[in-house]
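Structure first, commentary second.
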Amino acid sequence: MAANRQPDRERVMLILEQLAALYPNARCELIHADPFELFIAVILSAQSTDQRVNMVTERLFRVFKTPQDFAQLHPSELEPYIQELGLFRNKARHIIAAAQRIITEFNGEVPQERAALESLPGVGRKTANVILSVAFGVPAIAVDTHVFRVAHRLGLASDRTPEQTEATLRRLIPKELWSQTHHWLIFHGRRMCSAKKPACERCPLLVHCPAGPTYLSTKK
Ligand code: SF4
């Protein structure tokens with residue numbers, strides 16, 4: 001089946017409509033009770049699945065919850081709780097240092113400004129985007145591995161870096177849909193457009209997808 005090559009804006013809106021219909025409940029899958037718990041969960045999620053992070057934080061947040069709880073820890077006290085996650089030593093250091101700065105510089109609250117967030121240890125643009133969007137309702141598109149892959153397969157972006165991809169998606173997509181598009185693309189990447197075996201044969205986006213026919217032809 002040939003991919004439908006309609007003008008970009010129209011094709012983008014058709015893709016977004018399809019994603020909205022497919023994933024009406026798309027949302028952040030990291031379980032959290034407040035912005036600080038989300039902050040911790042997002043830092044822990046680097047190179048780990050949300051499912052695994054939720055298992056870890058379910059135990060962790062029973063013991064430590066607030067910036068004050070984390071700020072007083074030595075990394076060796078935090079590491080045992082998170083050691084099943086990749087990069088756990090770095091994550092422990094970053095979480096403790098970030099909790100200390102949140103207390104001393106931000107009155108114990110996760111900052112709501114991008115520059116302040118990105119100044120915290122362990123927080124890059126993607127992490128800041130997730131926190132801004134999910135905790136504070138600021139429109140943002142965090143480009144993780146799923147968003148990057150699915151956006152490229154769908155022909156929404158052809159950029160080499162996540163930062164460039166984010167800029168392209170921000171130009172293409174209406175601002176009020178940025179945050180939801182982030183969740184839609186992640187849900188699609190996790191549930192249908194997986195890295196190794198995209199399920200193109202049952203994907204409703206096939207008609208809009210330049211990559212789908214290629215994957216289908218390799219399965220024949
Ligand atoms: S058609 Fe295939 S490659 Fe394209 S979005 Fe769907 S699952 Fe992904």
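Return the only residue of Thr161, Thr145, Thr165, Thr181 being away from the ligand (no atom under 16 Å from the Cβ) and out of contact with any Lys or Arg (no Cβ under 8 Å at 6 or more places or on another chain). Spell out the reasoning first.
On the way: Thr145 fails: away from the ligand (no atom under 16 Å from the Cβ); Thr165 fails: away from the ligand (no atom under 16 Å from the Cβ); Thr181 fails: away from the ligand (no atom under 16 Å from the Cβ).
Answer to the check: Thr161.
Kindly indicate whether Gly122 is in the same structural domain as Glu17 (by TED's automatic domain parsing), assigned to a loop (DSSP other than H, G, I, E, B) and touching a residue at least 60 places away in the same chain (Cβ under 8 Å). Full working, then the answer.
Details: in the same structural domain as Glu17 (by TED's automatic domain parsing): no; assigned to a loop (DSSP other than H, G, I, E, B): yes; touching a residue at least 60 places away in the same chain (Cβ under 8 Å): yes.
Criteria not met by Gly122.
Scan the stretch 179-204 for residues that are touching a residue at least 60 places away in the same chain (Cβ under 8 Å), touching a Leu at 6+ places or on another chain (Cβ under 7 Å) and surrounded by 21 or more Cβ atoms within 10 Å (Cβ to Cβ) and jot them down.
Thr181, Trp184, His188
Only one of these conditions is not met by Ile131: (1) in contact (Cβ under 8 Å) with a residue 40 or more places away in the chain; (2) over 30 Å from Glu109 (Cα atoms); (3) not in a loop (DSSP other than H, G, I, E, B). Which number is it?
(2)
In the stretch 159-178, is there at least one residue being surrounded by fewer than 16 Cβ atoms within 10 Å (Cβ to Cβ) and touching a residue at least 60 places away in the same chain (Cβ under 8 Å)?
The answer is no; no qualifying residue exists.
Within the stretch 205-215, how many residues turn out to be part of a helix (DSSP H, G or I) and either surrounded by 20 or more Cβ atoms within 10 Å (Cβ to Cβ) or in contact (Cβ under 8 Å) with a residue 60 or more places away in the chain (or both)?
Residues of the stretch 205-215 part of a helix (DSSP H, G or I): 206-208, 212-215.
Checking the rest, the ones that are also either surrounded by 20 or more Cβ atoms within 10 Å (Cβ to Cβ) or in contact (Cβ under 8 Å) with a residue 60 or more places away in the chain (or both) come to 206-208, 212-213.
Summing the residues that are part of a helix (DSSP H, G or I) and either surrounded by 20 or more Cβ atoms within 10 Å (Cβ to Cβ) or in contact (Cβ under 8 Å) with a residue 60 or more places away in the chain (or both) in the stretch 205-215 gives 5.
Scan (1) more than 12 Å from the ligand (Cβ to nearest atom); (2) under 17 Å from the mean Cα position of the chain (by Cα) for the single condition Glu176 breaks and write down its number.
(2)
Could you tell me how many of the residues in the stretch 181-204 are within 19 Å of Arg11 (Cα to Cα) and over 21 Å from the mean Cα position of the chain (by Cα)?
3
For the list (1) within 16 Å of the ligand (Cβ to nearest atom); (2) of a type in the set (Val, Ile, Thr); (3) closer than 23 Å to Ile40 by Cα, I need the number of the one condition that Val207 fails.
(3)
The values are calculated or read from the model by the stated rules, or taken from the named source; none is laboratory data. Values in this document were obtained by computation on a predicted structure and should not be read as measured data. Positions of Cβ are generated from backbone atoms using ideal geometry, with glycine treated the same way; all protein chains shown enter the neighbour counts.
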